[in-house]
Amino acid sequence: MRINVITIFPEYLEGPLGLSIPGRAREAGLVNYRLIDLREYATDRHRTTDDEPFGGGGGMVMKPEPFDAALGALEGPGRVVSLSPRGCPFDHRTAVRFALESDLTLLCGRYKGIDERVTEKWVDEEVSIGDYVLSGGEPAALVVIDAVVRLLPGALGDHDSAASDSFYEGLLSAPSYTRPAEHDGRSAPGVLRSGDHSRIEAWRAWRADRATRHRRPDLLDLDAAD
Ligand code: SAM
């Protein structure tokens, strides 16, 4: 898979993409990241990528020409996704869908956002990582990349572990415990130490269901609608 990120701060992503699962997936040849500095596609000597908004009001808007040039220079940008609080919620299903793409291009906005004509011309979908406003699309791009790359076959050493993560089967996951069995006056549930796999499975299913009902009943509604 090839993931392109268009940003005015490529250095924001460099470190995190070299670490942990995104970094190991790149080393294993499962994914290639291309960080594209939008300023290189600006045409003036100040490398300007933003301008005042039409209609007035505070803040600046990212100019269309540098995005046009950066996207036009990409051979096969694949699915073009703009990170935006105005986008549809990014969730596990979206991550699975993106993981099936061979090429993904992420656009990071700053300031008031990207000139809408870029979105109209190039963007297949806008996604939001939550109902809050970040200063820029770069942390959102990292969230999307991490969630997508861990789904690539071979990215995780232990596929069984991913399969018991939240959302994989539509529910939140059961809580996890490790040694010591007693810690600070609290015990890890005896059933998890019993070695009885069918009881362990039943306990985990019960706790996953309970957590989902309490915290995310919307997930149960969604499944019912499928
Ligand atoms: N004026 C925009 C609005 O109200 O919808 C907010 C712009 S925000 C300050 C700057 C950039 O951060 C956006 O263009 C987007 O790329 C990114 N961003 C902010 N919040 C985000 C979110 N929840 N999900 C994804 N990207 C986000």
**Q.** Subset of region 40-64 that is in a helix (DSSP H, G or I) and surrounded by 16 or more Cβ atoms within 10 Å (Cβ to Cβ) - its residue that is nearest to the ligand (Cβ to nearest atom)
**A.** Pro64
Q. In region 65-86, what residues are surrounded by fewer than 19 Cβ atoms within 10 Å (Cβ to Cβ) and within 10 Å of the ligand (Cβ to nearest atom)?
A. Pro85, Arg86
Q. Looking at Gly56, is it more than 22 Å from the chain's Cα centre (by Cα) and at positive phi?
A. yes
(Q) Which pairs turn up if I take residues in region 165-187 that are more than 29 Å from Leu220 (Cβ to Cβ) and look for partners that are at pLDDT 95 or above with beta carbon separation below 6 Å, at least 6 apart in sequence or on another chain? (A) Ala181/Ala188
Q. Among the hydrophobic types (A, V, I, L, M, F, W, C) and either touching a Gly at 6+ places or on another chain (Cβ under 9 Å) or more than 16 Å from the ligand (Cβ to nearest atom) (or both) - does that describe any residue in region 129-138?
A. yes
Q: For Val96, state whether it is among the aliphatic types (A, V, I, L, M) and either within 16 Å of the ligand (Cβ to nearest atom) or assigned to a strand (DSSP E or B) (or both).
A: no
Q. Between a first residue in region 117-140 that is in contact (Cβ under 8 Å) with a residue 60 or more places away in the chain and a second residue that is near the ligand (Cβ under 10 Å from one of its atoms) and among the basic types (Lys, Arg), which pairs have beta carbons less than 9 Å apart while being 6 or more apart in sequence or on different chains?
A. Gly136/Arg110; Gly137/Arg110; Glu138/Arg110
Q) How many of the residues making up region 99-108 are within 30 Å of Asp218 (Cβ to Cβ), outside any strand (DSSP E or B) and more than 14 Å from the ligand (Cβ to nearest atom)? A) 3
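The values are calculated or read from the model by the stated rules, or taken from the named source; none is laboratory data. The structure displayed is predicted, hence computed values, not measured ones. Heads up, the Cβs are rebuilt from the backbone with ideal geometry, glycines too, and the neighbour counts pull from every protein chain shown.
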